[in-house]
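Undergrad: Got a structure for you, questions after.
The values are calculated or read from the model by the stated rules, or taken from the named source; none is laboratory data. Because the structure is a prediction, the values reported are computed rather than measured. Cβ: placed from backbone, ideal geometry, glycine included. Neighbour counts: every protein chain shown.
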Amino acid sequence: MIATWWEGFEPYVAGFLDASVVVLVLSICSILVSWIFGLLAALGKVSRFRLLRWLSDFYIWFIRGTPTLIQIFIVYFGLPQFGLRLSPFVAGVIALGFNGGAYVAEIIRSGLSAIPRGQTESAEALGMGRSLLMRRIILPQVFRIILPPLTNEAISMLKNTSLLSVITVVELTLYSQTIIATTFRPFEFYIATALIYLVMTSVISQIAAYLERKFARSL
Amino acid sequence: MTADRDALIRIRGLHKSYGPIEVLKGISLDVHQGEVVSIIGASGSGKSTFLRCLNVLEMPQAGRLRFEGFDFDFDENSRHRPTAADLRLLRARIGMVFQSYNLWPHMTVLENVIEAPIRVAGQPLREATANAEALLARIGLVDKRHSYPTRLSGGQQQRVAIVRALAMAPKVMLFDEVTSALDPELVGEVLSLVASLAEDGMTMLLVTHEIGFAREVSTRTLFFDQGLVAEDGPPREVLQDPRSDRLRQFLKRVLHTDVRRDAGHAVDGSAGAQAIEGSAP
């Protein structure tokens, strides 16, 4: 029985692998983009310039208050009206990255505010300049603090890539739907798809847990 | 106060306000090489702010500061206001130790000590490490060099913080209530390190609540009151024969709590405090 069950899957293994790779590449690109937007927005929030603070606040407010799916539609279907026609993959990465950036910004801001003022002062008192003390004293400590929430953010980013199936990015979710359309076996294939996502998110958790253990010795 | 060309630090008319509150109302002071200046005063008298103005962690609104080759005029319209680069150079020459140690928790003891010598002063790793280990040996913590600060007691952390500042070979050391956050039984080890630096001839300014220690170690005592230097002189004179009522009242309050706190512990403070009380008129 197991043998026949497996025979049903076998023709699709290569396809699942390809689709999983697409999910990974999508996730990595979107996460990197979200870090860039997040860092910019976090710096904007603590900026001396009111306009930048206001822009950051507006960005975070808009992203957190609207559905991710609508944001994806705006980028993929909405921007072409202004002549900006993006491939599904690029539109998806931009939409997810822009979305994740708002959450990353809040994470970075809370991490920065968790570092006591004395850490900066003692570095300044030794003659360190702004960028040196950020690089050597503040950011390494912020990174340790924000690693757990950043991991959660990476995991939800990976899961959110499945939303891109609706703008025809052939990732895991869309791939399994096309198979189901011909095999009529939704239960097995959706379970299989879920398990593949589960493996990937678990790997992220394990990597983060390893990093946390590595840093835990000092805090 | 006449102009003093030989002073290591020369301060004239230092003003500092936070919004409508004027914390420093025009401080002028000369500090000479080798002087150990203790600064006492009630909280809010401006003594910590003054110390933080010396390495410009707080930017005064007016006044002048001369130290080594630096000659700053803090007036807003002055062309001699310090730039960011000036401040980095100035601070590299002035060591400062804080109430809350402020060691960097993500670095080992040794890394804490060699960070500024390497990154700010540009020392080679080998030289910085040898120097740091010698300093750590002096305070008996060389075997803790690969430990993280959280593994150390408060007194050990504060002594490492002092060594971290010393590693830059500063011309002056500023101590901002360095024993206030410590458990009473750990105060002694920090004070004796500060005292040994004084014996070495290090120029120091220390804001302290340890009146007895100020009397033992310093060569000069300032009493800060409402943003001004109210009394200035040798510690025995200032502390045993206060000219103003305000200082007399202040000493009475501080020594009372000192005696109570020291009741169970033999720290440096108690002997001095009792000596002063005994000689009060």
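Undergrad: Can you tell me which condition B:G44 does not meet? The list is (1) within 21 Å of the chain's Cα centre (by Cα); (2) closer than 24 Å to B:A198 by Cα; (3) surrounded by fewer than 20 Cβ atoms within 10 Å (Cβ to Cβ); (4) of a type outside the set (S, T, N, Q), and all the others hold.
TA: So the condition that B:G44 fails would be (2).
Undergrad: Here is a list: A:A125, A:A114, A:A105, A:A181. Which entry is closer than 30 Å to B:E58 by Cβ and more than 10 Å from chain B (Cβ to nearest Cβ)?
TA: Answer to the check: A:A114.
Undergrad: Out of segment B:95-109, which residues are over 17 Å from the mean Cα position of the chain (by Cα) and not aliphatic (A, V, I, L, M)?
TA: B:W104, B:P105, B:H106, B:T108
Undergrad: Being surrounded by fewer than 20 Cβ atoms within 10 Å (Cβ to Cβ) and touching a Lys or Arg at 6+ places or on another chain (Cβ under 6 Å) narrows it down to one of B:L228, B:L239, so name that one.
TA: None of the others qualify; the one that does is B:L228.
Undergrad: Here's a follow-up. Need a quick list: helices (runs of 4 or more DSSP H) entirely within segment A:60-151 having at least 3 residues that are buried (at least 21 other Cβ atoms within 10 Å of the Cβ) and at pLDDT 95 or above.
TA: Hits in segment A:60-151: A:88-113, A:117-125.
Undergrad: In addition: Go through (1) within 13 Å of chain B (Cβ to nearest Cβ); (2) more than 26 Å from A:L40 (Cα to Cα); (3) among the aromatic types (F, W, Y) one by one and return the number of the condition A:F189 breaks.
TA: (1)
For (1) over 23 Å from B:A169 (Cα atoms); (2) of a type in the set (A, V, I, L, M, F, W, C); (3) surrounded by 20 or more Cβ atoms within 10 Å (Cβ to Cβ), each residue gets a yes or a no:
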position: B:R64; (1), (2), (3): yes, no, no
position: B:F67; (1), (2), (3): no, yes, yes
position: B:D71; (1), (2), (3): no, no, no
position: B:S78; (1), (2), (3): yes, no, no
position: B:L87; (1), (2), (3): no, yes, no
position: B:L90; (1), (2), (3): no, yes, yes
position: B:F98; (1), (2), (3): no, yes, yes
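Undergrad: So, in segment B:162-189, exactly how many residues are within 22 Å of B:V31 (Cβ to Cβ) and in a helix (DSSP H, G or I)?
TA: 3
Undergrad: Among what's in segment A:175-188 and is in contact with a helix residue (DSSP H, G or I) (Cβ under 6 Å, 6 or more places away or on another chain) and free of Cβ contacts under 8 Å to residues at least 40 places away in the same chain, pick the residue that is nearest to A:S202 (Cα to Cα).
TA: A:P186
Undergrad: Further question: Which is under 26 Å from B:H209 (Cβ atoms), touching a residue at least 24 places away in the same chain (Cβ under 8 Å), of a type outside the set (D, E) and surrounded by fewer than 19 Cβ atoms within 10 Å (Cβ to Cβ), of B:L152, B:L54?
TA: After ruling out the rest, the residue left standing is B:L152.
Undergrad: Here's another thing I want to ask about it. Can you report the number of residues in segment A:86-134 which are within 30 Å of B:A169 (Cβ to Cβ) and under 15 Å from the mean Cα position of the chain (by Cα)?
TA: Within segment A:86-134, residues that are within 30 Å of B:A169 (Cβ to Cβ) and under 15 Å from the mean Cα position of the chain (by Cα) number 0.
Undergrad: Restricting to helices (runs of 4 or more DSSP H) lying wholly in segment B:45-128: which have 2 or more residues that are more than 10 Å from chain A (Cβ to nearest Cβ), of a type in the set (A, V, I, L, M, F, W, C) and more than 30 Å from B:R246 (Cβ to Cβ)?
TA: B:109-119
To keep it simple, each residue is scored yes or no on (1) touching a residue at least 24 places away in the same chain (Cβ under 8 Å); (2) over 27 Å from A:T201 (Cα atoms).
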| site | (1), (2) |
| --- | --- |
| A:L39 | yes, no |
| A:K45 | yes, yes |
| A:L52 | no, yes |
| A:D57 | no, yes |
